[in-house]
Structure formats: structure tokens, C-alpha cells
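One structure is given below, encoded as C-alpha cells.
Read the figures in this text as sums done on the coordinates, not as results from a lab. Computed from a prediction, not measured in an experiment: that's the story for all the values here. Note that each Cβ is placed from the backbone with ideal geometry, even for glycine, and that neighbours are counted across all protein chains shown.
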Amino acid sequence: MDSEYRLEEDSLGEVKVPQEVYYGAQTERSKNNFPIGNEKIPEEVIKAYGQVKLAAARANHQLGKLSQGKLELIEKVAEEIIAGRLDDHFPLVVWQTGSGTQTNMNVNEVISNRASEIAGNKPGSHDPLHPNDDVNMSQSSNDTFPTAMSVSASLAIEKKLKPALNNFYEALKEKSEEFSDQVKTGRTHLMDATPVSLGQEFSGYASQIKHGIGHLEDSLDHLKELAIGGTAVGTGLNAPAGFDEIVVSNLNELTGVEFKPAPNKFEAIAAHDGLVNCSGTLKTIATSLIKIANDIRWLASGPRCGLAEIEIPANEPGSSIMPGKVNPTQAEALLQVSYQVLGNDNVINLAGSSGNFELNVAKPVMIYNLLQSINLLADAIKSFEKRCLKGIKPLPEKLAEYLNRSLMLVTALTPLIGYEKSAEIANKSHRESKTLKEVAVGEGYLTEEEFEQNVDPGGMI
């Protein structure tokens with residue numbers, strides 16, 4: 001036998017495994033059988049798996065099924081996994097069996113082999129921990145993988161995305177207050193409309209994000225229902241009574257997040273509607289971000305031949321050929337991230353519908369895409385807030401110029417002279433390049449004093 005390898009066995013026979021790794025036969029088979037892409041199972045899933053295995057081992061010990069010595073070994077290795085110290089031993093790609101079985105076995109094998117090393121035995125000996133009998137006790141891939149999915153996604157939302165969204169909301173609210181006295185022309189259909197304040201525009205953005213946070217909170221209720229205890233098909237075969245509640249209690253203590261046992265394990269294993277719903281919420285948030293990012297880059301367009309109503313920070317040169325050009329790069333990055341989230345949601349919808357009878361068989365790609373959406377949104381929102389939003393400044397002279405030229409100020413006259421005469425004033429002003437006041441007074445519809453009393457942009461918002 002080559003000294004660089006050791007022989008390990010699984011139910012199909014012997015497999016050569018590199019000496020330096022803690023994973024075993026089934027992980028090596030998966031590496032060889034799925035040479036597809038470079039997208040690895042996310043580290044958040046692996047760390048969540050470490051928490052699930054630790055919580056399950058404690059539950060098995062509490063229920064009298066696992067000895068103190070074996071518990072302590074599982075605890076030690078699981079804590080190493082959670083801390084990220086064994087990341088190199090989880091090489092599997094997303095494109096594997098749809099249940100995530102090989103990732104579950106990857107975790108089981110790493111815990112078993114690392115425990116063997118700690119105990120002074122050779123990796124692969126399954127002594128003193130067997131990957132199936134001890135590490136996977138009272139569990140199945142079919143309930144542990146969706147549990148790790150829910151735990152990893154919930155933690156990413158709670159620890160990363162929600163704080164980013166909350167900070168973004170507060171920053172938008174601050175800008176709304178800061179810009180409250182900046183009166184400007186409104187626009188509908190990309191055409192001039194009645195006045196608003198720049199602060200009112202930004203208050204709309206803040207409200208979108210506030211609603212998004214609320215939708216995200218709502219989606220967590222279903223996402224935090226854990227499949228653990230359902231084992232293979234939802235019946236709980238080979239798991240002792242009360243196992244699910246004890247595991248979830250242990251997980252809550254480990255994570256600081258309030259999970260709960262899924263009331264129906266069949267739904268939790270065969271379908272992942274909670275995850276699909278959560279992805280839909282991320283899509284809604286991404287849609288809001290597209291609106292906000294597009295508005296801001298349009299408002300900042302110019303600086304001389306665009307709208308140029310606001311100024312955004314100049315973070316880097318915008319062109320390799322045009323000197324002095326500055327582009328809305330943070331907005332463009334946020335847009336691209338949002339498009340990716342919309343695409344990820346399409347994949348998650350298809351994957352979520354890919355359950356037949358008692359098992360969904362597209363779990364790895366679902367959690368890969370969901371975590372990517374969560375992480376991308378959190379990162380892009382933080383970057384946009386820091387490098388663009390906080391540095392936005394109004395350009396009052398340009399705001400006033402557009403406002404004073406707007407024909408839609410005539411709307412304030414309709415209660416006095418009616419829609420038809422107001423439209424006549426607007427159309428003649430546009431055709432003859434005159435002000436509204438010149439036409440209204442010239443046609444005898446109003447005196448100069450009456451016009452000035454009624455056409456007050458600040459009073460129209």
C-alpha cells in the first residue's frame with residue numbers, strides 16, 4: 001500500500017484515502033464520482049452540521065444511548081468543526097446526491113477519524129467512534145441535512161443580513177430627515193410631475209427596507225422549524241422518543257437562536273417550503289434595492305448632461321479612457337447582486353419543487369443559493385451604505401432650476417380655474433418657451449398676486 005494512502009472500508013468495499021485527511025471512504029467516493037464544478041458545500045453548512053452533531057450527541061447521552069467517553073470525543077471534534085479548524089477536511093461539491101447524504105457522511109467520518117487520532121488510534125479504525133453507529137446515532141442524512149440548512153441560513157440572516165438591513169434602514173431614514181427641506185420636481189413615467197422633497201423620496205426607500213425587514217422576520221418562523229428527529233422519511237424510526245425536542249433545546253443553547261422542532265417531519269424532509277419562502281423574501285428585498293440603486297444613479301447622473309440633482313462620493317476613476325469620469329459603481333454592484341438574488345430564487349423555486357413522495361432531492365443547491373443570496377445582500381448593502389449612501393449630498397441649485405422650470409406646477413391652479421385652462425397654460429408655456437406665470441397672467445386667468453399665492457412649490461409637498 002502506498003504510504004501516502006490508507007485503506008478504509010464502507011458497505012461497498014475498500015477505498016484508498018489520503019493519509020493526511022480525516023474524511024473517509026464515502027467522502028472519497030463522492031470526490032471521485034462527482035467531479036463537477038468548483039462550488040463547495042458552504043462553510044456555514046459545515047459549521048451548522050458541527051452544531052447539529054454536538055446537539056444530537058448530547059441528546060443521545062441525555063437519553064442514555066451514548067456513553068460519557070464517546071460524548072466527550074464528539075464534543076471535542078464538533079467544537080473544532082464549529083471553530084473552522086477542520087475546514088480543509090470538507091472537500092465535497094454542491095453537485096452531489098440531492099439529499100446531502102455524502103456531506104452528512106463527510107461530517108460523520110471526520111468526527112470518527114479525528115476522534116481515533118485523539119484516542120491514540122489510527123484514522124479509519126472507527127475506534128472508539130463509528131461514523132454511523134455513534135456519530136450518526138438517532139439520525140439520518142434526510143433529517144440532519146435540512147436541519148443544517150435551516151440552522152445555517154437562520155444564523156446568517158440573524159447575524160449578518162438583518163444587522164445590515166437595519167443599519168441601511170437607519171441611514172436612509174437619516175437622509176430622509178436631512179433632505180426634508182430640499183424641494184424638487186417629482187417625476188412619474190420619467191416625466192415631470194408635481195413637487196416632492198428629496199427627503200420624501202428617500203422616505204419611500206426607507207419604507208421599502210422597513211417592510212423588507214418585516215417580511216424577513218416573518219419568513220424566519222417557518223425556516224426555524226427543524227427536521228431533526230424525523231430520520232429517514234419523517235417517522236422517526238431509530239430515534240428515541242423526545243429526541244427532537246432535546247436536540248433543538250441543545251441547539252438553541254449553542255446558537256442563541258430560538259429554533260423549534262418541526263411539528264410535521266414529513267413536510268420538513270420532503271419539502272422545503274420555508275426555505276423557498278425565505279428566498280422569495282430575499283427576492284422582494286432585492287427588488288427594492290434595484291429600485292433604490294437605479295433611482296440614486298439616475299439622480300446623480302451627469303454631472304453636466306444628466307439630472308445631477310444629487311452628488312455621490314467619487315470612490316475611484318470611472319474610465320480608462322475618459323479623464324475625470326466618475327461612475328455610480330456602488331449602485332451598479334448592488335444592482336448586480338440583486339440580479340443574482342433573483343436568479344438564485346428561480347433555482348430555489350425549481351429545487352423546492354423537486355421532492356418526490358418522502359424526500360426533496362435538491363437540498364445542496366437550495367442551501368448553496370440561499371446562503372449566497374444572504375451573504376451577497378449583506379455585503380453589498382453594507383458597502384453601498386458606507387461608500388455611497390452616507391456621502392450623498394443634494395445639489396440645491398439644480399433642484400431649484402428644475403423645479404422652477406416644471407410645467408406641472410400648474411396643477412395647483414386647477415381648483416381655481418379648472419383642468420382645461422390649466423392644461424392650456426401648460427401647453428402654451430411649453431410651445432412658446434414662456435413661464436407659467438407669464439401665460440396665466442397674460443391670458444387673464446389670474447393676477448400676478450393670485451398666481452404667486454397659489455403656485456408655491458414648498459406648499460405643494
(message) Could you order the peptides 361-369, 62-70 from most to least packed, using the average number of other C-beta atoms within 10 Å per residue?
(response) 361-369, 62-70
(request) May I have the extent of the alpha carbons of the stretch 70-144 along their three principal axes, as whole Å values ordered from largest to smallest? (result) 35, 26, 20
(message) Relative to 2.2 N^0.38 Å, what does the C-alpha radius of gyration of the stretch 247-323 come to as a ratio? Two decimals please.
(response) 2.02
(request) Provide the convex hull volume over Cα atoms per residue for the stretch 322-461, in Å³. (result) 242 Å³
(request) May I ask you to sort TYR5, TYR205 by Cβ crowding, counting other Cβ atoms within 10 Å and putting the fewest first? (result) TYR5, TYR205
(message) Compute the distance from the alpha-carbon center of the stretch 55-82 to that of the stretch 111-147, in whole Å.
(response) 10 Å
(request) Take the alpha carbon atoms of the stretch 357-425, find their radius of gyration, then divide it by 2.2 N^0.38 Å using N residues; give the quotient. (result) 2.35
(message) Bins of 10 Å, beginning at zero and ending with the bin holding the largest distance: percent of Cα pairs per bin for the stretch 145-396, please.
(response) 7, 27, 27, 18, 12, 7, 2, 0
(message) Cross-link candidates for LYS434: which lysines have Cα within less than 19 Å, leaving aside residues fewer than 8 places away along the same chain?
(response) LYS421
(message) Among GLY343, MET322, GLN200, which residue has its Cα furthest toward the positive end of the charge dipole of the chain, with +1 on Lys/Arg Cβ and -1 on Asp/Glu Cβ?
(response) MET322
(request) Quote the Stokes-Einstein diffusion coefficient, in whole µm² s⁻¹, for the stretch 73-112, based on the Kirkwood radius over alpha carbon pairs, a temperature of 4 °C and a viscosity of 1.567 mPa s. (result) 121 µm²/s
(message) To the nearest 20 Debye, how big is the dipole of the stretch 145-396 about its Cα centre, given +1 on the beta carbon of each Lys and Arg and -1 on that of each Asp and Glu?
(response) 720 debye
(message) Placing +1 on the Cβ of each Lys and Arg and -1 on the Cβ of each Asp and Glu in the stretch 5-137, which of ALA57, ASN104, PHE34 has its Cα farthest towards the positive end of the resulting dipole?
(response) ALA57
(message) Could you tell me the relative contact order of the stretch 97-152? Use alpha-carbon pairs under 8 Å, at least six residues apart, and round to a whole percent.
(response) 38 percent
(request) Please state the charge dipole magnitude for the chain, taken about the Cα centre, from unit charges on C-beta atoms (+1 on K and R, -1 on D and E), reported in debye and rounded to the nearest 20. (result) 520 debye
(message) To make sure I understand, if each residue's beta carbon is the centre and we count other beta carbons within 10 Å, what order do ILE310, ILE118 fall in, fewest to most?
(response) ILE118, ILE310
(message) How long are the semi-axes of the equivalent ellipsoid of the stretch 271-372, taking √(5λ) for every eigenvalue λ of the Cα gyration tensor, in whole Å from largest down?
(response) 40, 13, 8
(message) From the Cα trace of the stretch 1-158, what convex hull volume per residue do you get, rounded to a whole Å³?
(response) 112 Å³
(request) Return the long-range amide H neighbours of ALA193 (sequence gap of 5 or more, or a different chain), with a cut-off of under 5 Å between placed amide H atoms. (result) GLY186, ARG187, THR188
(message) Using the Cα centre of the stretch 127-237 as the reference point, and only Cβ charges (+1 on K/R, -1 on D/E), how large is the resulting charge dipole? Debye, rounded to the nearest 20.
(response) 420 debye
(message) Over the Cα atoms, compute the radius of gyration (one decimal) and Dmax (the largest Cα-Cα distance, rounded to a whole number) for the stretch 406-460, in Å.
(response) 9.9, 27
(message) Run the helix sum for the chain: -39,500 (n - 2.57) per DSSP H stretch of 4+ residues, divided by residue count, reported at 222 nm to the nearest 500 deg cm²/dmol.
(response) -18500 deg cm²/dmol
(request) Kyte-Doolittle cut-off 0.0, length cut-off 15 Å along the helix's own axis using Cα: show which whole DSSP H helices in the chain pass. (result) 68-82, 141-156, 243-255, 273-299, 329-352, 363-387
(request) Quick one: check the C-alpha center-to-center distance for the stretch 157-218 versus the stretch 421-449, whole angstrom. (result) 36 Å
(message) Could you list CYS305, CYS388 so that the one with the fewest beta carbons within 10 Å of its beta carbon is first and the one with the most is last?
(response) CYS305, CYS388
(request) Would you compute, for the Cα atoms of the stretch 168-232, the largest minus smallest coordinate along each principal axis and list the three values in descending order, in whole Å? (result) 62, 27, 11
(request) Towards the positive end of the charge dipole of the stretch 243-284, with charges on Cβ (+1 Lys, Arg; -1 Asp, Glu), say which of VAL276, ASN252, PRO263 has the farthest Cα. (result) VAL276
(message) Give me the tail of P(r) for the chain as a percent: Cα-Cα pairs with distance above 37 Å.
(response) 44 percent
(request) Among the listed pairs LYS47/LYS386; LYS173/LYS291; LYS31/LYS122; LYS160/LYS283; LYS31/LYS76; LYS40/LYS260, give every one whose C-alpha distance is greater than 20 Å. (result) LYS47/LYS386; LYS31/LYS122; LYS31/LYS76; LYS40/LYS260
